[in-house]
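This report concerns only the one structure given below.
The values are calculated or read from the model by the stated rules, or taken from the named source; none is laboratory data. Because the structure is predicted, anything quoted here is derived from the model rather than measured. With ideal geometry, Cβ positions are generated from the backbone for all residues, glycine too; neighbour counts draw on all protein chains shown. Please note that ligands, DNA and RNA were not included when accessible areas were found on the heavy atoms of the full protein model with its side chains. Shrake-Rupley method; radii C 1.70, N 1.55, O 1.52, S 1.80 Å.
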Amino acid sequence: MPTQFVNPSPNMPLSHMLAFDFPVLENEYRAASCLANINLRAPVTEKLYGKLGDPKQEQGHPCIREFGLAGQLGIEDEDPGIEPYQDQVVDIERGIKIDHTARLSGSFARYLACDRFYSKVRMFAHPLAPAEGNPVLLYEKVVSLEPATNGPNVWFWKDTSRKELLYTAHAEVIAREKLDQEQVYKLITKWEFYEKIDEQRGERMPISGFDEAVTFEVIGEAQTL
């Protein structure tokens, strides 16, 4: 769920705001060398959260794909292979790449863009079927909101207007080291924000968001037909 502060409705005009969301626009909202958010275009989701932030953008979800390990090709015959695509059936013998881009936008964003504030981003794989159990931590980063050069796992300005602060969480997981074969998981991405009190402590801020729209299956190594 994205969050928006000051303005309770994405359709009301305003002059000052702070929004946290997951924008979709492939060539603009992602870190260099990372995958863009996927727009699942579910009708109810689009009606309620179709466009948020400043400027308003459609909302998306994490992009997940396989990648080849040593001696393996990247894309397999059964993979979609047409951009943009989502690969939600992954082989236990391969790697999983997950990218998810979030944005802080609006006139208040520039006041958070300093080392006084930081974010904590985590990705979990929650087992759904056939077995249930505790979530598996796939990714965790604690990063200052001080803007850096465009790249994965750091906050950076989209452009010189300093209205949109972006972060692409980039995770690479070896499936067999973390996950079980023939298991369906829900991917949960959780974002938290803190104001630093001292070097050891931070105070949780009322800015947060999460995504739980993506599920994926881990299977045995697929055979070419």
Cβ-derived FRET efficiency at R0 22 Å, residue 120 paired with residue 86, nearest 0.05: 0.30
How large is ³J(HN,Hα), in whole Hz, for each residue of the stretch 135-143 in order, when computed from phi with the Karplus curve 6.51 cos²θ - 1.76 cosθ + 1.60 and θ = phi - 60°, using x for Gly and Pro? x, 9, 6, 9, 7, 8, 9, 10, 9
With label points set 7 Å from each Cα along the Cα-to-Cβ direction at residue 181 and residue 212, the distance between them in nm comes to 3.0
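Taking a ≥ b ≥ c as the square roots of the Cα gyration tensor eigenvalues, with a/c under 1.5 meaning rounded and otherwise prolate when a/b beats b/c, else oblate, which class fits the stretch 143-219? Before the final figure, lay out each step's value.
On the way: a/c = 2.31, a/b = 1.76, b/c = 1.31.
Note, shape of the stretch 143-219 comes out prolate.
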Sorted by chain and then number, the residues having a modelled amide H within less than 5 Å of the amide H of residue 38, at least 5 places away or on another chain, are 61, 63
Amide H partners (placed H, <5 Å) of residue 136, local residues excluded: 125, 126
Overall Cα dimensions of the stretch 78-202, principal axis frame, Å, largest first: 47, 38, 20
Around residue 195, under 9 Å between beta carbons, what's the net of Lys plus Arg minus Asp minus Glu among the other residues? +2
Please list, in order along the stretch 116-124, the HN-Hα scalar couplings obtained from phi with the Karplus expression 6.51 cos²θ - 1.76 cosθ + 1.60 (θ = phi - 60°), rounded to whole Hz, x for Gly and Pro. 6, 10, 8, 10, 10, 10, 9, 10, 10
Holding the Cα-Cα limit at 22 Å, pick out from 120/196; 56/163; 97/196; 97/141 the pairs that are longer than that. 97/196
Net charge within 12 Å of residue 96 by Cβ-Cβ distance, Lys/Arg positive one each and Asp/Glu negative one each, not counting residue 96 itself? -3
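Return a whole-number percent for the relative contact order of the stretch 76-208, with Cα pairs under 8 Å and 6 or more residues apart as the contact set.
Values: 256 pairs, mean separation 39.8, N = 133.
Once normalised by length, the contact order is 30 percent.
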Could you report the accessible area of residue 198 in Å², rounded to 10, computed with a 1.4 Å probe on the protein chains as they sit in the structure? 50
Can you give me the relative contact order of the stretch 138-200 as a percent, contacts being Cα pairs under 8 Å and 6 or more apart? 20
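Sort 131-141, 206-216 for me by packing, meaning the mean count of neighbouring Cβ atoms within 10 Å per residue, highest on top.
So the peptides 131-141, 206-216, ranked by packing, come out 206-216, 131-141.
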